[in-house]
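The values are calculated or read from the model by the stated rules, or taken from the named source; none is laboratory data. Quick caveat: nothing in here was measured; it's all calculated off a predicted structure. Quick reminder, even Gly has a Cβ in these numbers, built from the backbone with ideal geometry, and neighbours come from all protein chains shown.
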Protein chains: 2
Amino acid sequence: MRSTLKVLIYYHIPEYVDRYENLLKTAREDIYLITSKNEKQIDQFIEIADIIFSGSSFPVEYLSKAKNLKWIQSMSAGVENFMRSKVIPAHVLITKPKGIFGPHMAEYVIGYILALSQKMKRVFENQKKRVWDPFIVETIHNKVAGVMGLGSVGTHVAYKLHLMGVEVIGYEERERNLPFIKHEYSKLELNEFLEIADYVIITLPLTENTVGLLGERQLASMKKSAYLINVSRGPLVQEEALIYALKKHQIAGAVLDVFDKEPLPKEHPFWEMENVIITPHISAPSLPEDLAKIFLENLKRFEEGKDLIGVVDRARGY
Amino acid sequence: MRSTLKVLIYYHIPEYVDRYENLLKTAREDIYLITSKNEKQIDQFIEIADIIFSGSSFPVEYLSKAKNLKWIQSMSAGVENFMRSKVIPAHVLITKPKGIFGPHMAEYVIGYILALSQKMKRVFENQKKRVWDPFIVETIHNKVAGVMGLGSVGTHVAYKLHLMGVEVIGYEERERNLPFIKHEYSKLELNEFLEIADYVIITLPLTENTVGLLGERQLASMKKSAYLINVSRGPLVQEEALIYALKKHQIAGAVLDVFDKEPLPKEHPFWEMENVIITPHISAPSLPEDLAKIFLENLKRFEEGKDLIGVVDRARGY
């Protein structure tokens, strides 16, 4: 039997759309798929879509036309694009993937923390120059990692850091009481939190309340020896303030996977800053295999009238 | 009361000798210390030394003069220099530090495995060229790490890899039955072990039995996609065979902290091999603070006639 629910898929890389189509069709022949690879196709078919399966690159301006829309499954953990749209009726469910990005982000965060403590940039430069330059490698044992945001991703990152022997503190609105976190700081204690962390790791959702959360004053609270690691969204940090803090060596450095504007513009000062590591938004790869599985599980639940997994709280904004 | 035991300290970096002197004198005023910063001083004083506190840079040719010698505390985990000397009488105890290198080496190994999976060399090069080049980062989850040698260091490295979600197998002469190791391979199963590991990590001691253990045939048993990581001693791997395997891409690459000759000579082919990462023997820093503590604990035991910690089995050679 052919399902009557019409699913519109969009992703900004056309070959990924093909991969999704393949994965979903292989798993369920009966699925009614509308694959769209550009805005024109979205514009053409969004009116009949019951479900949208797409990520943070979805052009939300077309949502006003989605008269049949019942559910959006986001491919991204960050759903701020959908949240910003004011035309999604309250009855439309929005879900985000849970549990798949944490392990990737933990590897990214631990990898780059170790890249810093092991001075890998220097190691790679030395090799090019054939320079044998022994130095004392710092251990991360008993360093303090401050994880901002103890959602699904932040919790996993915190847990793995704990397993690596790092002391972990958390910054989170709602108390979590996680056994591997030494102390949780509330919204009012942000400065105390920032003052003691050797690594400040941002895994917060981007919402009206968190945009620009780290500005001049907050960055000045950080240790001079501390590093900022942002794997969430660029606008959580005020970019001008961060550039200033890095240039003045108010903090030791930053590892940035996300930016106000992506791709990071060629002329951006971050590119040539010695104390910045830039990665091109790769800390949590959105693998079609993982996301198709999540979508199929939720689709089954949707058809059976059960609760979906990863439902976004529209009031909180994430 | 002044101890009557005369302790000769030698380290190849003179300022370290000063640091050791400071640390030991601060802890115990009564200690009879002979600090030597060069071979001439060793030659002059070794005859009266009861105890030698030194590392793998100790020039063992002077040991024949050490008529009073009762105990050597090595600063290095590798004691092959002392083992090679044929003039150390059987009654002389040799001890090596235990428990301090494992945590450092685990950070090094996990750090470089993540540097490989996260393609950090490429990331750093891209930044210099202001290139935004998103790629799919591999996860190390469910990769197989093969740890060769499950001594104090290897066990710690294996445990931390396990905590990071890597599947760990071991190669070890004597069965250890460690719960976090999926399978232990014996001496006769080296090839089977090498065939399934994605990362082959060498933490074996260098002895008559292990020198040159990985040669042409063993390297050919490894997966084409596998990496060799050597944090023990260079001569465990036949260097010519390794260069060949790397040039012919029989293996994906190597992370090398140790070499046949150190410092690695300027003209050595490793320096410019794209699939080799060279570090200057820094994976386990010998911190005077850590080693002085170990020495003082063993000195107390020695004076009280108790068993020392980290006694080397002279028959096994480590």
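Checking each residue in the stretch B:237-275 for being over 21 Å from the mean Cα position of the chain (by Cα) and assigned to a loop (DSSP other than H, G, I, E, B) picks out B:K248, B:H249, B:Q250, B:I251, B:A252, B:K266, B:E267, B:H268, B:M273, B:E274, B:N275. Taking the criterion of being within 16 Å of the chain's Cα centre (by Cα) and closer than 16 Å to B:G154 by Cα, would at least one residue in the stretch B:81-92 satisfy it? The answer is no, given that none of the residues of the stretch B:81-92 is within 16 Å of the chain's Cα centre (by Cα) and closer than 16 Å to B:G154 by Cα.
State whether one or more residues within the stretch B:284-304 are assigned to a loop (DSSP other than H, G, I, E, B), farther than 22 Å from B:F101 by Cα, more than 14 Å from chain A (Cβ to nearest Cβ) and free of Cβ contacts under 8 Å to residues at least 24 places away in the same chain. Yes. The lone criterion from (1) buried (at least 18 other Cβ atoms within 10 Å of the Cβ); (2) more than 20 Å from A:M105 (Cβ to Cβ) left unmet by A:E267 is number (1). Looking at A:I72, A:I52, which is the one that is crowded, with 23+ Cβ neighbours inside 10 Å, modelled with pLDDT of 95 or more, away from chain B (no Cβ under 14 Å) and under 19 Å from the mean Cα position of the chain (by Cα)? Sole residue among the options that is crowded, with 23+ Cβ neighbours inside 10 Å, modelled with pLDDT of 95 or more, away from chain B (no Cβ under 14 Å) and under 19 Å from the mean Cα position of the chain (by Cα): A:I72.
For the residues A:L204, A:L190, A:L219, A:L228, the requirement of being in contact (Cβ under 8 Å) with a residue 24 or more places away in the chain, part of a loop (DSSP other than H, G, I, E, B) and either outside the structural domain of A:E240 (by TED's automatic domain parsing) or of a type outside the set (G, A, S) (or both) singles out A:L204.
If you go through the stretch A:177-196 and pick out every residue that is under 28 Å from A:M83 (Cβ atoms) and surrounded by 15 or more Cβ atoms within 10 Å (Cβ to Cβ), you end up with 7.
Note on the stretch B:104-137: residues that are of a type in the set (D, E) and over 23 Å from A:E274 (Cα atoms) total 1. The residues listed here are A:K96, A:K65, A:K6, A:K25; of these, the one that is within 19 Å of A:E297 (Cα to Cα), in contact with an Asp or Glu (Cβ under 6 Å, 6 or more places away or on another chain) and at pLDDT 95 or above is A:K6. Of the conditions (1) within 8 Å of chain A (Cβ to nearest Cβ); (2) closer than 14 Å to A:V131 by Cα, B:E267 satisfies every one except a single condition; which number is it? That leaves (1) as the condition not met. When B:V153, B:V147, B:V131, B:V166 are checked against the criterion of being touching a residue at least 60 places away in the same chain (Cβ under 8 Å) and either closer than 17 Å to B:I202 by Cβ or surrounded by fewer than 19 Cβ atoms within 10 Å (Cβ to Cβ) (or both), a single residue qualifies: B:V153. Tally the residues that are touching a residue at least 12 places away in the same chain (Cβ under 8 Å), farther than 22 Å from A:K6 by Cα and not charged (D, E, K, R), restricting the search to the stretch A:82-128. Total satisfying the criteria: 19.
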